[in-house]
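> Sharing a structure, written as structure tokens. Questions coming.
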Amino acid sequence: MSADPNCIFCKIVAGQIPCRKVHEDDELLVFHDIAPWAPVHVLIIPKQHVTTMYDTTDEHAPLMGRMMAMAPKLMRDLGVTNGFRIVVNTGRDGMQEVQHVHMHVMGGPRPWIKG
Ligand code: AMP
């Protein structure tokens with residue numbers, strides 16, 4: 001599986017940096033965002049290093065589909081039953097700070113800090 005030794009999310013996948021893990025399987029890792037915008041704010045990431053959505057191809061479609069498809073169950077399991085928001089920041093104008101594809105899934109009662 002591809003990894004970038006300088007990538008903070010690859011280090012989380014490798015267990016070199018701790019995270020508050022919510023879910024893990026062969027392909028995906030889910031953990032709480034360290035600076036949440038909402039009462040519940042998790043990040044779904046692929047374990048393999050993919051820098052941005054610009055780097056995804058048809059080959060990644062099942063992986064990206066799994067990320068999207070697991071969001072409702074994750075939110076229900078975390079007690080979010082009144083709606084949530086999914087955001088995938090991509091590239092510089094998309095305000096992507098961490099260069100490893102990730103899906104923000106945010107929910108919980110408003111007001112939120114942002115988003
Ligand atoms: P983005 O702007 O879409 O690249 O978002 C990156 C997100 O990663 C931000 O919401 C950060 O708070 C979050 N983040 C950065 N480092 C960590 C970390 N070590 N553990 C959990 N979340 C992190």
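> In region 15-41, which residues are more than 9 Å from the ligand (Cβ to nearest atom) and either closer than 17 Å to Val80 by Cβ or part of a strand (DSSP E or B) (or both)?
Once the filter is applied, which keeps residues that are more than 9 Å from the ligand (Cβ to nearest atom) and either closer than 17 Å to Val80 by Cβ or part of a strand (DSSP E or B) (or both), region 15-41 yields Lys21, Val22, His23, Glu24, Leu28, Leu29, Val30, Ala38, Pro39, Val40.
> I need the full set of residues from region 1-49 which are without any contact (Cβ under 8 Å) to a residue 24 or more places away in the chain and of a type in the set (Gly, Ala, Ser), in order please.
Hits for region 1-49 are Ala14, Gly15, Ala35.
> Can you tell me which residue in region 1-17 is farthest from Gln99 (Cα to Cα), limited to those that are surrounded by 11 or more Cβ atoms within 10 Å (Cβ to Cβ) and out of contact with any helix residue (DSSP H, G or I) (no Cβ under 6 Å at 6 or more places or on another chain)?
Looking at the filtered set, the residue picked out is Ala14.
> For Val88, are the conditions met, namely being of a type in the set (A, V, I, L, M, F, W, C) and touching a residue at least 40 places away in the same chain (Cβ under 8 Å)?
It is false that Val88 is of a type in the set (A, V, I, L, M, F, W, C) and touching a residue at least 40 places away in the same chain (Cβ under 8 Å).
> Let me ask you something else. For region 54-69, does any single residue satisfy the condition of being β-branched (Val, Ile, Thr), outside any helix (DSSP H, G or I) and within 16 Å of the ligand (Cβ to nearest atom)?
So far as region 54-69 goes, yes, one or more of its residues are β-branched (Val, Ile, Thr), outside any helix (DSSP H, G or I) and within 16 Å of the ligand (Cβ to nearest atom).
> Could you please give the count of residues in region 71-115 that are in a strand (DSSP E or B) and either open to solvent by less than 20 Å² (accessible area, probe 1.4 Å) or within 10 Å of the ligand (Cβ to nearest atom) (or both)?
Initially, region 71-115 is screened for residues in a strand (DSSP E or B), giving 84-87, 103-107.
Now restrict to residues that are either open to solvent by less than 20 Å² (accessible area, probe 1.4 Å) or within 10 Å of the ligand (Cβ to nearest atom) (or both): 87, 103-107.
The total comes to 6.
> Among the candidates Glu59, Glu24, single out the residue that is surrounded by fewer than 17 Cβ atoms within 10 Å (Cβ to Cβ), touching a strand residue (DSSP E or B) at 6+ places or on another chain (Cβ under 9 Å) and not β-branched (Val, Ile, Thr).
Details: Glu59 fails: touching a strand residue (DSSP E or B) at 6+ places or on another chain (Cβ under 9 Å).
Being surrounded by fewer than 17 Cβ atoms within 10 Å (Cβ to Cβ), touching a strand residue (DSSP E or B) at 6+ places or on another chain (Cβ under 9 Å) and not β-branched (Val, Ile, Thr) holds for just one of Glu59, Glu24, which is Glu24.
> Starting from residues that are assigned to a loop (DSSP other than H, G, I, E, B) and not β-branched (Val, Ile, Thr), keep the ones in region 42-53 and report whichever is nearest to the chain's Cα centre (by Cα).
Our first condition is that a residue be assigned to a loop (DSSP other than H, G, I, E, B); within region 42-53, this holds for 47-52.
Narrowing the set further to residues that are not β-branched (Val, Ile, Thr) leaves 47-49.
Details: Lys47: 11, Gln48: 13, His49: 13 Å.
Checked region 42-53; the qualifying residue nearest to the chain's Cα centre (by Cα) is Lys47.
The values are calculated or read from the model by the stated rules, or taken from the named source; none is laboratory data. Everything numeric here is computed off the predicted structure, so don't read it as measured data. Backbone-built Cβ (ideal geometry, glycine too); neighbour counts: all protein chains shown. Accessible surface areas use protein heavy atoms only, side chains included; no ligands, DNA or RNA. Shrake-Rupley method; radii C 1.70, N 1.55, O 1.52, S 1.80 Å.
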